[in-house]
Every structure is written in structure tokens, then in C-alpha cells.
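Here the structure is laid out as C-alpha cells; the discussion comes afterwards.
The values are calculated or read from the model by the stated rules, or taken from the named source; none is laboratory data. Nothing here was measured: the structure is a model prediction, and the numbers come from that model. Here the Cβ is made from the backbone with ideal geometry for all residues, glycine too, and neighbour counts use every protein chain on show.
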Amino acid sequence: MLKNTLLTIRHKADVDAVMLGIKNNQFNFEELMECFFSDDWVLCQKSAWPVGVIAEKNPDLLRPFLPRMLENLKQPVHDAVIRNTLRAWQMMDIPETIQGEVYQQCFEYLANPGMAIAIRVFAMSVCSNIAMIHPALSAELIPLIEDHFDHSSAGFRSRAMKELKRLRTQKQN
């Protein structure tokens, strides 16, 4: 039932209906995550939007799925999966056990100018969050952000200014 509903998502109101269905136990959250991990790229893409909304409102719900989300990035079926995974991660405390892998994956996305801007921006925030815990990472992250600053979009530059300020402030302390 959830699968059919997800496939009809076209507008925010549709996502809101899915979210309400999960809240009211009409839909199962685990089923949503199975759709998110699906090999069917349309289903995966459609489920990514509600997963992103959950990340904004209650990111702790996604905590049990973090290892699988990381594994899922190794062969994503759609950019929406990458984008919404990173969107979720930027709002979460990543467990120390996977911080290294998450940082490395996000660093690669950030360094790749061929990736979609939203993916690179979310990756920048995830890397910055981890670098705030492990300050030595700032030494490689700051130059990477600076290198891409001048020839990137306004959205990238806006986030870069925020993250660079945060990283430099942390570095001074």
C-alpha cells in the first residue's frame, strides 16, 4: 500500500500525506526505508523525499539505518538517494564507528565538481560537522572548499562561507 502511494508523489502535499500516514501508523516506517533502499530507481527516488523530511523533523528515526544508508551510497540508483541521505546526515550526530567512512564518502562528493550542487553542499556540511569533532580534518577540508569557491554556484558559496567561518573559528580555539 505504501509503495503505491509513494509512486504517486508529485507535490509536497503528497509527501505530507505519507508523513501523516506514518505518524498515524497507516504506513510502516520500515517499509518506507525498504522502498528507499529499493533497486527500482523510481520507487527509490519517490521515497527519498519523505526520508529527507523525516531527517529534518526527527533524524534519530534514521539512526538504525545509518550503516545501510552508507552501504547504499556505494551504488546509488538515483541522485535523489545521495542528496537525501546527505541531507539527513547533515542534521544528525554520526556515530563514531562510521564517521571515517561517512567523511571520506562526503569528501569525495564535495571534491567532484560533476556532482549536483545540492549533493556537494550537503556533503560539505557533513564533512564540516565531522571536522568539528576531529579538528585535524579541517586542514584538508578548508583548502578543498576554498579551491571550489570561486567557480561554484551562489548556493555553494553561501554554504561555503558559513562552513569556512565555523571551521576557522574552531581552528583558532
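Taking the numbered list (1) modelled with pLDDT of 90 or more; (2) under 20 Å from ALA123 (Cα atoms) in turn, MET19 passes all entries but (2). There is at least one residue in region 62-77 that is closer than 22 Å to HIS134 by Cβ, charged (D, E, K, R) and either assigned to a helix (DSSP H, G or I) or touching a Phe, Trp or Tyr at 6+ places or on another chain (Cβ under 9 Å) (or both).
Has region 71-82 got any residue that is surrounded by fewer than 17 Cβ atoms within 10 Å (Cβ to Cβ), modelled with pLDDT of 90 or more and either of a type in the set (S, T, N, Q) or touching a Leu at 6+ places or on another chain (Cβ under 7 Å) (or both)? No, region 71-82 contains no residue that is surrounded by fewer than 17 Cβ atoms within 10 Å (Cβ to Cβ), modelled with pLDDT of 90 or more and either of a type in the set (S, T, N, Q) or touching a Leu at 6+ places or on another chain (Cβ under 7 Å) (or both). Taken over region 149-161, residues that are under 20 Å from the mean Cα position of the chain (by Cα) and either more than 14 Å from LEU110 (Cβ to Cβ) or not basic (Lys, Arg) (or both) amount to 8. Of the residues making up region 10-61, those that are assigned to a helix (DSSP H, G or I), more than 18 Å from the chain's Cα centre (by Cα) and basic (Lys, Arg) are LYS12, LYS23.
Of the residues making up region 136-173, those that are part of a loop (DSSP other than H, G, I, E, B) and not acidic (Asp, Glu) are HIS151, SER152, SER153, ASN173.
Of the listed requirements (1) more than 18 Å from VAL81 (Cα to Cα); (2) exposed (fewer than 14 other Cβ atoms within 10 Å of the Cβ), ASP14 misses just one: (2). Annotation note: of ILE94, ILE130, the sole residue that is of a type in the set (A, V, I, L, M) and not in a helix (DSSP H, G or I) is ILE94.
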